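The values are calculated or read from the model by the stated rules, or taken from the named source; none is laboratory data. In this text the structure is predicted, and so the values were computed from the model without any measurement. Ideal geometry is used to build each Cβ from the backbone, glycine not excepted, and the neighbour counts take in all protein chains shown. Note: areas computed on protein heavy atoms with side chains; ligands, DNA, RNA excluded. Shrake-Rupley method; radii C 1.70, N 1.55, O 1.52, S 1.80 Å.
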Amino acid sequence: NVDNLFDMKKSGYEYKEYLPNSKSNWSKKQLNIKIKNIARVIKDINADIINLCEIENKEVLKKLNLALGIKKYPYMYYKNHNRAIDCGLLSRFAIKSSKTYSVDLRFRPIHKIKLKIEKKDFTLFLNHWPSYKHGVKKRLEFAKKLKQLYKNEKRFILLGDFNSPFEVRKNGWGKAVNYLFDDTTSLWYDIAKKDRFSYAYFGKKSAIDHIIISKDINYKEGSFKVFKPKYLQTKYKTPKRWLISKNGKGVHKGVGFSDHFAIYATLSTTPYKKTKPQVVGIKKLLHVADGRVNFILKSVMVIDKNRYGVTIEDKNHDKIFIYLPDTKL
C-alpha cells in the first residue's frame, strides 16, 4: 500500500489534500519526491511481481515504473475506473488475462489476473477491501465473493490490503480474512507473533496486508518477511508514512514513504525440499531458543483454558501454557 499515489491532473475523484496546486501543497515537486521514495522501496525489494494498493490511475503507475530505471517492469496492470484509488500490478511475467469483479459499487472491486510462468498458469487476486469504519459485515461480503472466485482455481495467490487483521480483534475485526483460512495458507503464520504487523494506527499494530496462497503453491519456508529497513521506520519502529500536517491545513511536507510496510515471499513453480519435522515432547520446548522451529507434538491435549490462552499436557504429563494461541485449540 503506497499511501495514496495521485497524479497532477484533476479528475474530480481526488481527496481534498491531493487537489493539484491547492493549499495542500500537492505539486509536481511533491509528486516527484513521493514517486522517488516509493521507487526506492520497490527497487530494494526487487520482486518479480508486485501488487500496489492506492494508485490513482494507469498514468501515475507508468510514472512510478519509469522511475525504477533499469529495474522497471515490462508488464503493468491497471483498470481505469471512476473512483479515487485502486490496485495496480507490476510484473516481469506476461499477463495472460484480467477481469474485475464488483462486490459493491461504492467500493473497489476484486481484480483477477492470470499469469503464465514456466508453462504453468497462476491466478492472482488483487484486493483492497473496505476500511475498518465500514464494518465486519461489509468485509465478509468481499471474503465470500473472493472464495467463490478462487474455488475453481488450482494455483492462486490472494494479495493486498484486506483491512482485516490476521488475528481476530475486538468487535470481530479480522473475522473476514480469517474466513479464507480454512482452505488456504496465510503466510503470516511463518513470522513470530511479536513481528506480525504491516500497519500501525495510533500505535496499534496490525497485520492487515496479506499474502495468502493455495495448497498447490510451492512456498519457500521462512521466506515470508515484512520489509522494514531502518529508513522506513520511525523511532517507534512503525512505518514512516508520507507526511501531511494535521493542524487543520493538510499540507504536504515532502517527507516519508507510506503508512504500510510492504510484505514479500518467495514462491516457485517447482517444489522446495522441505525439512522433516522433529517429533518432540513438551519438555523440549522449555529449552528451545526463540525463532522458527519445525516440531510436532503428539498425544497432546488441552487440560485448561482461560481468556489468555490454554494449558496443554503430553503423555509424559509435562505441561506448558500457550499464551493467546493462533490456532483453534
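Test each condition in (1) closer than 14 Å to W242 by Cα; (2) of a type outside the set (A, V, I, L, M, F, W, C); (3) open to solvent by 10 Å² or more (accessible area, probe 1.4 Å) for E56 and report the one that comes out false. Condition (1) is where E56 drops out. Just one of (1) within 25 Å of L115 (Cα to Cα); (2) at pLDDT 95 or above fails for D216. It is (2). Within the stretch 164-172, does at least one residue satisfy the condition of being acidic (D, E), modelled with pLDDT under 95 and under 26 Å from K194 (Cβ atoms)? There is at least one residue in the stretch 164-172 that is acidic (D, E), modelled with pLDDT under 95 and under 26 Å from K194 (Cβ atoms). Scanning the stretch 108-130 for residues that are modelled with pLDDT of 95 or more and in a loop (DSSP other than H, G, I, E, B) gives R108, P109, W129, P130.
Applying the criterion of at least 1 residues that are at pLDDT below 90 to the strands (runs of 3 or more DSSP E) found wholly in the stretch 289-329 leaves 319-323.
Find the residue count for the stretch 212-227, including only residues that are on the phi < 0 side of the Ramachandran plot, outside any strand (DSSP E or B) and either in contact with a Leu (Cβ under 8 Å, 6 or more places away or on another chain) or surrounded by fewer than 17 Cβ atoms within 10 Å (Cβ to Cβ) (or both). Even if it seems obvious, please write down each step before you answer.
The first filter runs over the stretch 212-227 and keeps only residues on the phi < 0 side of the Ramachandran plot, leaving 212-221, 223-227.
Filter once more, keeping what is outside any strand (DSSP E or B): 214-217, 220-221, 223-224.
Going one step further and asking which of them are either in contact with a Leu (Cβ under 8 Å, 6 or more places away or on another chain) or surrounded by fewer than 17 Cβ atoms within 10 Å (Cβ to Cβ) (or both), we end up with 215-217, 220-221, 223-224.
Residues in the stretch 212-227 being on the phi < 0 side of the Ramachandran plot, outside any strand (DSSP E or B) and either in contact with a Leu (Cβ under 8 Å, 6 or more places away or on another chain) or surrounded by fewer than 17 Cβ atoms within 10 Å (Cβ to Cβ) (or both): 7 in total.
For the stretch 5-39, a residue qualifies if it is part of a loop (DSSP other than H, G, I, E, B) and under 26 Å from the mean Cα position of the chain (by Cα), and the qualifying residues are F6, D7, Y13, E14, Y15.
Please enumerate the residues belonging to the stretch 198-211 that are hydrophobic (A, V, I, L, M, F, W, C) and either within 16 Å of I263 (Cβ to Cβ) or in a strand (DSSP E or B) (or both). Correct list: A200, A207, I208, I211. The numbered conditions (1) within 20 Å of D7 (Cα to Cα); (2) among the small types (G, A, S); (3) part of a strand (DSSP E or B) are all true for S98 except (1). Of the residues making up the stretch 181-196, just one is open to solvent by less than 20 Å² (accessible area, probe 1.4 Å) and in contact (Cβ under 8 Å) with a residue 40 or more places away in the chain, namely L187. A count restricted to the stretch 42-95 and to residues that are in a strand (DSSP E or B), on the phi < 0 side of the Ramachandran plot and touching a residue at least 24 places away in the same chain (Cβ under 8 Å) stands at 13.
Residue-by-condition table, conditions (1) within 17 Å of N1 (Cα to Cα); (2) buried (at least 19 other Cβ atoms within 10 Å of the Cβ):
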site: K204; (1), (2): no, no
site: P229; (1), (2): yes, no
site: P239; (1), (2): yes, yes
site: H252; (1), (2): no, yes
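Any idea how many residues of the stretch 20-36 are at pLDDT 95 or above and open to solvent by 30 Å² or more (accessible area, probe 1.4 Å)? Counting residues in the stretch 20-36 that are at pLDDT 95 or above and open to solvent by 30 Å² or more (accessible area, probe 1.4 Å) gives 5.
Restricting the stretch 111-133 to residues that are surrounded by fewer than 16 Cβ atoms within 10 Å (Cβ to Cβ) and either farther than 17 Å from N51 by Cα or in contact (Cβ under 8 Å) with a residue 40 or more places away in the chain (or both), the residue that is nearest to the chain's Cα centre (by Cα) is S131.
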